[in-house]
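Student: The structure is given below, and queries will be raised subsequently.
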Amino acid sequence: MLPRTADSLSFLYLDIARIVQDDTGVCAEVTSPQRGTESVYLPTAALNCVLLGPGTSITARALSTFARHGTTVVITGSGGVRCYAATIPDSLSTTWLERQARAWANDDLRLSVATAMYEQRFGRASVPPGTSLAQLRGMEGQRVKAHYRLLAQQHRIGRFRRAYDPASWDTQDPVNLALSSANTCLYGIVHAALLAIGCSPALGFVHSGNQQAFVYDIADLYKAELTIPLAFSLHSSPQPEAEARRSFRHGLRLFKLLPRIVADVQRLLAPDQEIELPDPEEQLVDLWDPVAGAIPGGVNYALGEPL
């Protein structure tokens, strides 16, 4: 049995390596002048996301193993700054995709989900009844600026301004470098979790018009706790990008991010219901009926008997 999404390891970043499948499993071959070629086996069945940086290559057999085990593979640029492509693992159920699509297509439901996301960030008690979405966006902007200002004062780094410019990446300050790198890791983890439970990364409720819109929605729930404080703590690091990835991965063990992502997505899409997903070992593909909804597949409805 493969581990549940909530129990899997978060992510693994690799660069300058060759990923191959042998008779034992998937391994990363790393070559150096001092040690020659070394092979490190990867726990594919327990990994949610693999970030492949520059200088990596992967064989078709290894990639198919990742897909079969439900591991998302993201092709990233230097420092994990850009995302060029991502695989889509096989999902066993469309339960949450259908709920997401219904909520996204209905303006009233979409507004309620977006409002619930902001309320989770602020705390429900701090949002007055009847607050509009525009007001919530304004509150979020003020909150982020205040958070930046407080952390800048704590670390004594003077005035901070968020900047993200891949064209002039090497000229940015360590806090911005660390924040962009940590956010990229966070996006990869959220993307993998959404695909594993069957949601679409493109159908966002706050963000829109991007294939990663829902990823950005969910990632924003955790940045104030995870990536922003981490980035400011690395303000004097000589290698803020690499340090951000390592520190972020270690911090996830205490934060238990993957169970939170799964629980938060399910709560947002079905706030008033306790839902048990069908056993994947027993689940068959259902048929749609305009009156009855989902009806069992694998049945000869001319005779009313199983095929």
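The values are calculated or read from the model by the stated rules, or taken from the named source; none is laboratory data. The model shown is predicted, which means the values in this text are computed figures rather than measured ones. Note that each Cβ is placed from the backbone with ideal geometry, even for glycine, and that neighbours are counted across all protein chains shown.
Student: Only one of (1) under 30 Å from residue 102 (Cβ atoms); (2) assigned to a loop (DSSP other than H, G, I, E, B); (3) modelled with pLDDT under 80; (4) not aromatic (Phe, Trp, Tyr) fails for residue 302. Which number is that?
Tutor: That leaves (1) as the condition not met.
Student: Cβ-Cβ below 8 Å, separation at least six or inter-chain, first residue in segment 117-133 and small (Gly, Ala, Ser), second in a helix (DSSP H, G or I): which pairs?
Tutor: Matching pairs, first to second residue: none at all.
Student: Name the residues in segment 13-65 that are among the aliphatic types (A, V, I, L, M), in a strand (DSSP E or B) and surrounded by fewer than 17 Cβ atoms within 10 Å (Cβ to Cβ), would you?
Tutor: Within segment 13-65, 20, 30, 40 qualify.
Student: Under the condition of being among the aliphatic types (A, V, I, L, M) and modelled with pLDDT of 80 or more, which residue from segment 239-256 is nearest to the chain's Cα centre (by Cα)?
Tutor: 244
Student: Could you grab me the full set of residues in segment 66-87 that are at pLDDT 65 or above and assigned to a loop (DSSP other than H, G, I, E, B)?
Tutor: Pass one, segment 66-87, residues at pLDDT 65 or above: 66-77, 85-87.
Residues satisfying the conditions are 69, 70, 71, 77, 87.
Student: Just for segment 214-232: of the residues that are buried (at least 17 other Cβ atoms within 10 Å of the Cβ) and of a type in the set (Gly, Ala, Ser), which one is farthest from residue 251 (Cα to Cα)?
Tutor: Per the criteria, the residue is 219.
Student: From 127, 175, which residue is among the β-branched types (Val, Ile, Thr) and over 30 Å from residue 50 (Cα atoms)? Spell out how you get there, then give the answer.
Tutor: Details: 175 fails: over 30 Å from residue 50 (Cα atoms).
Only one candidate passes the filter, namely 127.
Student: For residue 211, only one of the following conditions fails: (1) modelled with pLDDT under 90; (2) surrounded by fewer than 20 Cβ atoms within 10 Å (Cβ to Cβ); (3) under 17 Å from the mean Cα position of the chain (by Cα); (4) closer than 20 Å to residue 259 by Cα. What is its number?
Tutor: All conditions pass for residue 211, except number (4).
Student: Taking the conditions exactly as written (under 17 Å from residue 48 (Cα atoms) and surrounded by fewer than 24 Cβ atoms within 10 Å (Cβ to Cβ)), does residue 197 satisfy them or not?
Tutor: Numbers: under 17 Å from residue 48 (Cα atoms): yes; surrounded by fewer than 24 Cβ atoms within 10 Å (Cβ to Cβ): yes.
Answer is yes for this residue.
Student: Give just the number: which of (1) at pLDDT below 80; (2) out of contact with any strand residue (DSSP E or B) (no Cβ under 6 Å at 6 or more places or on another chain) does residue 8 not satisfy?
Tutor: The single condition residue 8 does not satisfy is (2).
Student: Check 204, 188, 209 and return the single one that is at positive phi and among the small types (Gly, Ala, Ser).
Tutor: On inspection, the qualifying residue turns out to be 209.
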